[in-house]
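Q: Quick one: the structure is below, and I'll ask about it shortly.
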Amino acid sequence: MGEFALQWLGVERVATADKRQDLFPAWTPALRQDLADETRRFFSHVVFDGSGQLGELFTADYSFLNESLAKLYGLSGVSGGALQRRSYAGSGRSGLLGHGSLLASYAHSDQTSPIRRGLLVRRTLLCQELPTPPPNAGSIPSVDATATTRERFRQHTANPFCKGCHQYIDGVGFGFADPGGRMVASG
């Protein structure tokens, strides 16, 4: 079941995801493996030992963390390399959509991607297909450290050429942002 979860969500790519070392110094092969293991273990737990309900997959206030994952998520009280069931309390995360494997898989090497994350939700979870972007659709807005992610990507919905699709993608992708408007950890 855990392998199914990785494939269903497309997060098996976390094993090969590249991150800029100057921005993500903790990004190592061991951390990538831990992230995938967290998702495998959590999904299997919900199906076999938890409620078995879809809602728990997306709203659970816990996951299975080891020391390196707890540190990544800013949580304390976890030591060692073994995965342990722990609360996400205070981290702003819940369920599968808060897993670092998913967030890292649907991000760029140097920044988050509300577009990739919005498309994941639309295509994989809601089974909605959107048209292919036109060849002159543009590119990723440049990174401005003073701007929120919403401010950077506002050009998509402000431009009538882009709005046709981005009105359905961006808002969903912004749902992965923290209350300050910046994207949650895990790149």
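The values are calculated or read from the model by the stated rules, or taken from the named source; none is laboratory data. Just so it is clear, the structure is predicted and the values come from calculations on it, not from any experiment. Note that we place each Cβ from the backbone using ideal geometry, even for glycine, and neighbour counts take in every protein chain shown. To get the accessible areas, we keep the full protein, side chains included, count just its heavy atoms, and leave off ligands, DNA and RNA. Shrake-Rupley method; radii C 1.70, N 1.55, O 1.52, S 1.80 Å.
Q: Is it the case that Gly90 is more than 30 Å from Gln167 (Cα to Cα), modelled with pLDDT under 85, open to solvent by 50 Å² or more (accessible area, probe 1.4 Å) and not in a strand (DSSP E or B)?
A: Considered against the rule, which asks whether it is more than 30 Å from Gln167 (Cα to Cα), modelled with pLDDT under 85, open to solvent by 50 Å² or more (accessible area, probe 1.4 Å) and not in a strand (DSSP E or B), Gly90 comes out as yes.
Q: Scan the range 97-132 residue by residue and report those that are touching a strand residue (DSSP E or B) at 6+ places or on another chain (Cβ under 9 Å) and either open to solvent by 10 Å² or more (accessible area, probe 1.4 Å) or of a type in the set (A, V, I, L, M, F, W, C) (or both).
A: Hits for the range 97-132 are Leu103, Tyr106, Ala107, Gln111, Thr112, Arg116.
Q: Determine whether the range 56-64 contains at least one residue that is small (Gly, Ala, Ser), in a loop (DSSP other than H, G, I, E, B), open to solvent by 50 Å² or more (accessible area, probe 1.4 Å) and free of Cβ contacts under 8 Å to residues at least 40 places away in the same chain.
A: no
Q: While we're on this one: Can you confirm whether the range 1-20 contains a residue that is open to solvent by 20 Å² or more (accessible area, probe 1.4 Å), modelled with pLDDT under 95 and farther than 24 Å from Val121 by Cα?
A: Yes, the conditions are met somewhere in the range 1-20.
Q: So which residues in the range 143-174 are open to solvent by 60 Å² or more (accessible area, probe 1.4 Å), touching a helix residue (DSSP H, G or I) at 6+ places or on another chain (Cβ under 8 Å) and either of a type in the set (Gly, Ala, Ser) or modelled with pLDDT of 80 or more (or both), if there are any at all?
A: Lys163, Gln167, Tyr168
Q: Go through the range 1-29 and give me each residue that's within 23 Å of Gly118 (Cβ to Cβ), in a loop (DSSP other than H, G, I, E, B) and of a type in the set (Val, Ile, Thr).
A: Thr16
Q: Let me ask something additional. Kindly check whether there is at least one residue in the range 30-48 that is farther than 25 Å from Thr148 by Cα, β-branched (Val, Ile, Thr), without any contact (Cβ under 8 Å) to a residue 24 or more places away in the chain and assigned to a loop (DSSP other than H, G, I, E, B).
A: Checked against the condition, which is being farther than 25 Å from Thr148 by Cα, β-branched (Val, Ile, Thr), without any contact (Cβ under 8 Å) to a residue 24 or more places away in the chain and assigned to a loop (DSSP other than H, G, I, E, B), the range 30-48 yields no hits at all.
Q: Among the residues of the range 24-34, is any crowded, with 21+ Cβ neighbours inside 10 Å, touching an Asp or Glu at 6+ places or on another chain (Cβ under 9 Å) and not hydroxyl-bearing (Ser, Thr, Tyr)?
A: Checked against the condition, which is being crowded, with 21+ Cβ neighbours inside 10 Å, touching an Asp or Glu at 6+ places or on another chain (Cβ under 9 Å) and not hydroxyl-bearing (Ser, Thr, Tyr), the range 24-34 yields no hits at all.
Q: May I pose another question? Do the conditions hold for Gly80, that is, is it open to solvent by 40 Å² or more (accessible area, probe 1.4 Å) and not in a helix (DSSP H, G or I)?
A: Criteria not met by Gly80.
Q: Here is a list: Glu129, Glu151. Which entry is charged (D, E, K, R) and assigned to a loop (DSSP other than H, G, I, E, B)?
A: It is Glu129.
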